[in-house]
Amino acid sequence: MFGLDYSWLADPAYQQWLLTGVINTLKLATLSSSVAILIGMLGAFGLTLRIFWLDALIELFVEVFRNTPPLLQMLFAYFTLSSLGLRVTDPSTGLSVPLLSAFACAAISLSLFGGALAIEAFRSGIETMPRSIIDAARSLGYGRWARFWRIEAPIATRICLPALTNILTNLFKTTSQASVITVPELMYYAGQIYNDTFRTLEVMILVLLIYVVLVSILTFAMARLEAFMAFPGYGRGH
Amino acid sequence: MNRIDALIELDNVRKSFGDVPVLKGISMFVQKGEAVCIIGPSGSGKSTILRCINGLIPVDKGFVRVGAHRVHEMKSERQMRALRHQVAMVFQQYNLFPHRTALENIMMAPIQVLGHDRAEVEERARKLLKKVRLSEKADSYPGQLSGGQQQRVAIARALAMQPDVILFDEVTAALDPETVKDVLFAIRELVEEGLTCILVTHEMKFARDVSQRVCFTDHGLIVESAPPAELFDNPRDPRTREFLGQVL
Ligand SMILES: Nc1ncnc2c1ncn2[C@@H]1O[C@H](COP(=O)(O)OP(=O)(O)O)[C@@H](O)[C@H]1O
Ligand SMILES: [Mg+2]
């Protein structure tokens, strides 16, 4: 069809590569998204404390990770973390291997990148909340920690969920850059396959479709979450 | 008045925001069971007085006591917890937590902050909703309630903390005129039951009807303080006279 040749797809080895690639992409995306959300919440909580040096620190973190290319961050993480010389002996092979695998470096750098964006999102969610809601919580005896987790975070999460969806889809797509530091995710195996078969266009079309499906599942799930968490007066809850 | 017997005692309280002095020496006493109204022009420091009483903002100078709590000496939120139990506050608007239903709004703090038993708190909360005539709205979210209904839920929520005092900060100022009446009715009931109340209000007729004493504030000072009949009919200070001339 259209002169495209997909006969290589019948090869179980290539099927296995694609499957492994998808699984690793999902692992990387899930791990870094979860950590990014956690960083986002903790960072936003840190900002509510209004401690001068902590504000400055969080601000610096956000600026650095938001304003530099994630690919560069990943390369940076890979080369600095692996050159720290942290090595362990793999008990099964007896070989000395770096403590932090390429996967770990990619996960760390994507978590930090996503975390910086998530801090911004949660922060703006908290800032758009009427001041009197916080005063009400204080006057009811809620301390800082309880106030954040019981009141500010639940409300801010609903406010910033659309922004968070954007961040997570972005992060998902950015996982493909981990192929550059040899993380065996989908994009990495795609390269392997077309180097083998020279069917570059066919492989790219297939991988594109896989990304479309995976990201669509993510945005669909986020839309459902948004509908589920909606409450009257905010966002979709009108 | 005997200041030792007073439930609430403020002595020469001063507060500035940056270089701007907002409270310039506020002294007042409130007896148990008394309803005191604070009236005065916008920006004269009325809200700030209430916020100093329940420790939402620290005072710069002076003495604030509520019951056994010396508020001006409290530094951390933890120290304030017992005070927050004793003093409840209702704000002008956006009081309620929008992600929780009316009933949950009332139940949250007694369970989460005071650690009371859930079943007992729910019973209390339903009684309070009934008291403010909103039993049928238990499962509505704040966004589904009118402004007046929200304020009545906020009053029920304050009462659920079983406070000795409630501070009301212009709770009807942002409401449609039709719903003001219901909110004032609910407050009037509390005053008649003997709950100690401090009310910042623009409703002069209401202030005259319910309060035992009215304080007039201007530029961070209590200019005049008297029983309502006296303050409204025979204001002594020219600033009080001017203000009443504008609003009455
Ligand atoms: N958190 C704050 N920061 C700076 N200025 C404030 C703050 N709160 C109140 N003010 C100022 O203090 C003055 C008195 O405010 P407020 O007590 O709210 O007056 P009122 O309730 O009588 O209208 C106003 O000029 C207001 O702008
Ligand atoms: Mg005010």
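Before moving on, here are some points about what is shown:
- Listed values for region B:139-148 are Karplus-derived 3J(HN,Hα) couplings in whole Hz (6.51 cos²θ - 1.76 cosθ + 1.60, θ = phi - 60°), namely 9, 7, 7, x, x, 9, 10, 6, x, x, and x replaces Gly and Pro.
- Residues of region B:113-156 that lose at least 10 Å² of accessible area (1.4 Å probe, protein heavy atoms only) when the other protein chains are present, relative to their chain alone, are B:Val113, B:Tyr141, B:Gly143, B:Gln144.
- Per-residue [θ]222 nm for chain A (sum of -39500 (n - 2.57) over DSSP H runs n ≥ 4, rounded to 500): -24000 deg cm²/dmol
- Between the amide H of B:Val22 and those of B:Lys15, B:Ser16, B:Phe17, distances stay under 5 Å, these residues lying 5 or more places away or on another chain, with hydrogens modeled in the peptide plane.
- Our helix-only sum for chain B, with -39,500 (n - 2.57) per DSSP H run of n ≥ 4 divided by its residues, gives a mean residue ellipticity at 222 nm of -11500 deg cm²/dmol.
- Integer Hz, Karplus 6.51/-1.76/1.60 couplings in order for region B:158-166, x for Gly and Pro: 4, 5, 5, 7, 6, x, 8, 9, 10
- Each listed q (0.16, 0.19, 0.21 Å⁻¹) maps to a log10 I(q)/I(0) for region B:51-207, found by the Debye formula over equal Cα scatterers with no solvent: -0.91, -1.23, -1.41.
- The solvent-accessible area of B:Met28, taken with every protein chain present and a 1.4 Å probe, is close to 10 Å².
- Per residue of B:88-97, other chain Cβ atoms within 10 Å of the residue Cβ number 5 on average.
- Taking amide H as placed 1.01 Å from N in the peptide plane, B:Gly33 has its amide H under 5 Å from the amide H of B:Thr196, each at least 5 places away in sequence or on another chain.
- Coordinate range of the alpha-carbon atoms in chain A per principal axis, descending: 68, 48, 32 Å.
- Over 25 Å (Cα to Cα) - which of B:Lys61/B:Lys205; A:Lys27/A:Lys173; B:Lys131/B:Lys181; B:Lys15/B:Lys75; B:Lys46/B:Lys127 fall in this group: B:Lys61/B:Lys205; B:Lys46/B:Lys127
- Under 5 Å, built H, 5+ apart or other chain: amide partners of B:Glu224: B:Phe216
- Length-normalised contact order for chain B - Cα pairs under 8 Å, 6+ apart - percent: 25 percent
- Rolling a 1.4 Å probe across all protein chains gives A:Met187 an accessible area of roughly 60 Å².
- Label point at B:Asn234 placed 7 Å out along Cα→Cβ; residues across region B:177-219 whose backbone nitrogen lies under 15 Å: none
- Among B:Val153, B:Val210, B:Val87, the largest mean-square fluctuation in a Gaussian network model of chain B (Cα springs under 10 Å) belongs to B:Val210.
- Max mean-square fluctuation residue, GNM over chain A, Cα-Cα springs under 10 Å, options A:Pro69, A:Pro184, A:Pro130: A:Pro130
- With R₀ set to 25 Å, the beta-carbon distance separating B:Ser76 from B:Gln162 gives a calculated FRET efficiency near 0.60.
- C-alpha long axis of helix A:200-229 to longest principal axis of chain A, angle in °: 20 degrees
- Pair A:Ser7, A:Arg66: separation of 7 Å Cα→Cβ label points (nm): 5.3 nm
- Table column - 3J(HN,Hα) (Hz), region A:28-33, Karplus curve with 6.51, -1.76, 1.60, x for Gly and Pro: 4, 5, 5, 4, 6, 5
- Just so you know, the averaged projected area of the alpha carbon convex hull for the protein assembly as shown sits at 31.8 nm².
The values are calculated or read from the model by the stated rules, or taken from the named source; none is laboratory data. Remember, predicted model here, so these are calculated numbers, not experimental data. Neighbour counts are summed over all protein chains in view; Cβ atoms, including those assigned to glycine, are modelled from backbone coordinates with ideal geometry. Please note that ligands, DNA and RNA were not included when accessible areas were found on the heavy atoms of the full protein model with its side chains. Shrake-Rupley method; radii C 1.70, N 1.55, O 1.52, S 1.80 Å.
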